[in-house]
Structure formats: C-alpha cells, structure tokens
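Take a look at the structure below.
The values are calculated or read from the model by the stated rules, or taken from the named source; none is laboratory data. Bear in mind the structure is a predicted one, so any value in this text is a computation, not a measurement. In this analysis, Cβ positions are derived from the backbone assuming ideal geometry, glycine residues included, and neighbour counts consider all displayed protein chains. Calculation scope for accessible area: heavy atoms of the full protein, side chains included, ligands and nucleic acids excluded. Shrake-Rupley method; radii C 1.70, N 1.55, O 1.52, S 1.80 Å.
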Amino acid sequence: MRVEGVAVELGGRLVLDDVHLQVARGELVGLIGPNGAGKTTLLRSILGLVPTVAGRVLINGQPTRAGRNNVGYVPQRHEFAWDFPISVEDVVMSGRTGALGLFRRPKQADWAAVGDALDRVRMNDLRQRPVGELSGGQRQRVLVARALALQPSTLLLDEPFTGLDMPTQELLSELFMSLARDDRAVLMTTHDLASALYSCDRLALLNRTVVAAGRPDELTEAQVWMDCFGVGETSPLLRILELAR
Amino acid sequence: MSPIDFFLDLINPDLSFLPKALLIAVMSSIVCGVIGTYVVLRGMAFIGDAVAHAVFPGLAVAFVISGNLVLGGTIAGVLTAVLVALFSQNRRLKEDSIIGVFFVAAFALGIVVISQAPGYAGSLQQFLFGSITGIPDEDLFVVGGTGLVILLVAFLLHKELVAITLDREMARSMGVKVFWLDIVLYVLVTLAVVISVQTIGNILVLALLITPAAAARLLTDRLGVMMLLAPVIGAASALVGLYVSWSWDLPTGGTIVLVLTAAFLLAWVFAPRHGVLARRRPRSAARAASPAANAPAFAGQ
Ligand SMILES: Nc1ncnc2c1ncn2[C@@H]1O[C@H](COP(=O)(O)OP(=O)(O)OP(=O)(O)O)[C@@H](O)[C@H]1O
Ligand SMILES: [Mg+2]
C-alpha cells in the first residue's frame, strides 16, 4: 500500500498535505497524531472515500477505488449500530455485502470465509450471539472479523483500542501483529503510544503531513514528538515515551 | 357482537365494503410491518411521519380532479422523500430539520388544495382519520400489487439495507451506494404509507408502520424473526381492530391503532428476555435460562 503526496481538502481547509506513506505486506504500522491530525481522513482517502486534491493512493499497484480495492476497514467502534438485532456471524457476513454484489445471496464459499474470519479472532464460539450482548473487546474482534471476511491484503484499523482495558488491548495487538505476519499490510491509528511503540513494526507521526516515520527505536528524538503533538518539553507525553523504552 | 356475527357481516353481500376494508387493512399492515422494521431499526420514525403528511397534498389533488388517490399520494410522497434525501446530504442541517420544513409545507399545501373542493370538511375528515366505506374495487388490486412490489424490492435489497443501517461508513467503504439505497428505502416507506392511508387515515398511519415493528423488536433479538412478527402483529391488530370498531361503531383507524398500542404494551410487559416481567425474575432463574451467557472463557472481556 503506497500513499504518494496525497492532499485532502475538507470544508475549504487543507486537512492533509503532501502525505507520503508506505505499508508493505507483513508489516504493522501505527499512525499516531493528536486529535484532528487527519488520521481518520487519511484512512478514508486510502479507501477512496474522500476525494484527493493532489497525489494518489496505490493498493497492490492499482489506484484505490471504494469497494474495488480489497482493503479491509475497521471503523471506530461507535459508528456501528450495536442495538441492531443481528448475530455475530451475520455481522461478519455483512462485510462481504460489497463483494457479493446486488441481488446475490451468500454461498458456501462466503460462509467459509466468515468461519475463517471468526476463527482468526477466536469468536467462533459466540457466532450465534446477538452483537448487543458482547463486551467491548468482543465487539472490536467482531469488527476485525468483518473486515477479514473480505480476505483483504490490506487492513486499516481506526482506534481499535479506545475504551478497552490493558489485557484486552494486549490480546488485540497480538492479533494485529499476527495478521500482519500472515502477509497483510496493516495500518492502525491509535492514541495508545505505549502499546504502539511495543507492537508496531513502524510508526508514522501525522499532523496534516507525516512529520516523521520509522521504527520505534529510531523515533527517539523528543523534538519530533513535540512538533507532531504541539507540546512543550515538560509534557508528560515525553515521560511516557521514555518509560516505554 | 360475537365474532360469528362479524363473520356473517363479512360475507353479507349488502356489506361488500366490509371484507374489502378488511383485506386492504390486513394487506397494508403486512407491508407496513416489514418496512416498519427497517424504519424502527434505523431510528427514522420521523421519516414515516413526514411521508404520511407529505402524501396529503397528492391525495387532495387527486380528490379535487377525481383522479386515482393512490397514484396522487404516491407521486407527492415520493417527491418529498427524494427532496428530503437530497437536502439531507448537506451536513449543515440535520435530517429532522429538513423534514420539519418539507412535511409541514406539504401538509399546508394539501389543506389549501382540498379547500377548493365543494363540501371539503367531510373529505378532509375522511383523509385524516380514514374510512372503510367507498373504497373502489380497483384499489384492492392497486394495494395488493403495490404491496407485492414493495416486499419484493425489500427482499432483493435486504442485504444492502441492513448494511447501511449497521454501519454507513463501512457500507461506503465496500462500495455500497448509500445515497441511492436511502432513496429506495424512503420510496418504499412512502408506498407503504400510501396504500395504508385510506383505511387508517393520514394521521394514524404512522402507528401501522412503527408500532408492530417496535413490539416485535421487544420480543426478539433476531432480525428474521422480527420481520415475521411485525407483520403478524400488524395484521392481527387490523383484524381485531376492525372487528371491535364494527361491533361498537367506533372509528376504524383509531380502534386499530389502540389495538396495536395494546399489543405493544403487552410485548413490553411480557417480552421473554427484556420485558418488564422477565427483568424482575430472580437472578438464579435468569442464569439457569441462559447458561452460555456466563461462559467462563470469555468472562471479563
Ligand atoms: N466532513 C468534514 N468537513 C470539514 N472538516 C472535516 C470533516 N471531517 C473532518 N474534518 C476536519 O479534518 C481534520 C482531521 O479530522 P480527522 O477526523 O481525520 O482527525 P483524526 O486525526 O482522526 O482525529 P481524532 O484523533 O480526533 O479521531 C479535523 O480538523 C476535522 O475538523
Ligand atoms: Mg479519527
């Protein structure tokens, strides 16, 4: 997955400017930045959901197009209607809606893909459970399975850890690492620096543009983090970074 | 009046409007039950209300020029639905404000139009509160045919309609045409309202759309079951409502709505898992009823 000089304008303001980013298969990359930095917007432009005013996004060498690019998306958990009367496996199948196309019903192969996705996130035991009765961590796993049902080569995760406790976060980041190791390009936004430093192969610091990118042990310079987050040198943020090393 | 007398009246050739009214009420309840399920799950009851009001000028025009009421209502309702869908793409105004603007305007237009017809007070009342007499034979076919088309379209697009309700952002990312599906759903709601307006009236038709689906939602956590229960509750209430209103000479639309409301309240109290009574059950009984709910492997997650 390659982002080449992408710029995005929303409501007359330049939200993203000259963004370059590459995520190779087998790699888990963390996208980090303050609120309003444009993380979600970048994910949406990778999906082909927002028009770019400059640059382009290539997925497996092809320009991106919504619904045609084999990208799995895990939006923020609150976008989903959790009170909908639907079972876990049907939610995961809904991830294949676009791939199935109009007027087509799921076939054997589609259910097999759903089964694999549920196995992958270890939710097969709960496949019949109404989604409204799941815990936060289980819900996040269902959304990941829904993205995996498409058998994507690229996976985009928007703040998958928000509102989850540490053990659940660890379980999920292990899952994301193993998904990357199985030859997928995985890009995840997060506000959890500690777990991003620990689990991601590379980090990209975003604030309208990519301020810095590299392996966690390469991003040691405090100035880069201060620039990206717009904080001073007394900020607790820098303490956390040091503790995490 | 006993149910047997009601049955005899139904087959009495002098009262031929009665079975016609029953058939139309039952058919429209079935269609409204299915479409209402989407409306309730999307939390867009307001759209039903808007469309119900918006069909009014269409009915009024058709009435004044002695055209077909169903057709007139459909045109006006679909027009409003499309306008609402178009204008609500503008994120600056929320859907409900847009609807507030358009449906009151449409309703006002209807009142102005119908005031042009001679003796309009009577026809106004008929539109607003419904009537079981004076339904032309051809309407049986119009309502039946339209109903079948509505159900067929919903069946064919079910997967997509569910996807855009579950998660619009995800649906977009999958290349699902969210805007067009919104319009289709609005049009389906409009058609369901239009075919039901005649027996139950403009103001009360919302109940036919929302109440059975809301009651069904209380009774189940399965979408498929909900989509079967809602039309069954609606049709049964239409039958009981018509019987009660015929026996005691009560207004039909109002009686059907009251029966529906009673059904909803029953569901609210007696629903197996989430009803008032079920929640009062001692905890041990609840636990015994669903052992899987406490599977230890997933506790704490
Ligand atoms: N539809 C929109 N119209 C105009 N501006 C928008 C729109 N959506 C987002 N923005 C602006 O774009 C900027 C980036 O938003 P984005 O949601 O991508 O940030 P983010 O990095 O995901 O933030 P957060 O950490 O809070 O999720 C923000 O300043 C936001 O106000
Ligand atoms: Mg965001």
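Counting, for every residue in A:78-89, the Cβ atoms of other protein chains within 10 Å of its Cβ and taking the mean gives 5.
Among A:Tyr198, B:Tyr120, B:Tyr38, what's the order by accessible area (1.4 angstrom probe), most exposed first?
Details: A:Tyr198 180, B:Tyr120 90, B:Tyr38 15 Å².
Order by accessible area, largest first: A:Tyr198, B:Tyr120, B:Tyr38.
Interface A-B: total buried accessible area of about 3000 Å², 1.4 Å probe, protein heavy atoms only. Partner lysines whose Cα lies under 29 Å from the Cα of A:Lys39, excluding those fewer than 8 positions away in the same chain, are identified as B:Lys94, B:Lys177.
Take every residue in peptide A:133-140, count the Cβ atoms of other chains within 10 Å of its Cβ, and give the average of those counts. Walk me through the numbers on the way to the answer.
Details: counts 4, 2, 4, 1, 3, 2, 1, 1.
Taking all residues of A:133-140 together, the mean is 2.
Mean residue ellipticity, 222 nm, helices only, chain A: the sum of -39500 (n - 2.57) across DSSP H runs of n ≥ 4, divided by residue count and rounded to 500, is -10000 deg cm²/dmol. Under 19 Å of direct C-alpha separation, and excluding same-chain neighbours fewer than eight residues apart, B:Lys159 reaches these aspartates and glutamates: A:Glu79, A:Asp83, A:Glu89, A:Asp90, A:Asp110, B:Asp167, B:Glu169, B:Asp182, B:Asp221.
Using Cα pairs closer than 8 Å and at least 6 residues apart in sequence, work out the relative contact order for region B:170-283, in percent. Don't skip to the end; give the middle numbers.
Working: 106 pairs, mean separation 26.8, N = 114.
Relative contact order, region B:170-283: 24 percent.
The convex hull of the Cα atoms of region A:81-152, projected and averaged over all directions, covers 4.6 nm².
Would you calculate, for chain B, the mean residue ellipticity at 222 nm contributed by helices, counting each DSSP H stretch of 4 or more residues as -39,500 (n - 2.57) and dividing by all residues, to the nearest 500?
On the way: 15 runs with 234 residues, N = 301.
It lands at -25500 deg cm²/dmol.
In terms of its C-alpha gyration tensor, region A:127-198 comes out oblate, because a/c is 1.5 or above while a/b does not outweigh b/c. Counting Cα-Cα pairs of the protein assembly as shown in 10 Å increments starting at 0 gives whole-percent bin shares of 4, 16, 22, 21, 17, 12, 6, 3, 0, 0.
How big is the shadow of the Cα convex hull of region B:3-287, averaged over all directions, in nm²?
Values: hull surface 69.6 nm².
For region B:3-287, averaging the hull's shadow over all directions gives 17.4 nm².
Distances between placed amide hydrogens fall under 5 Å for A:Gln22 paired with A:Val3, all partners being 5 or more residues away or on another chain.
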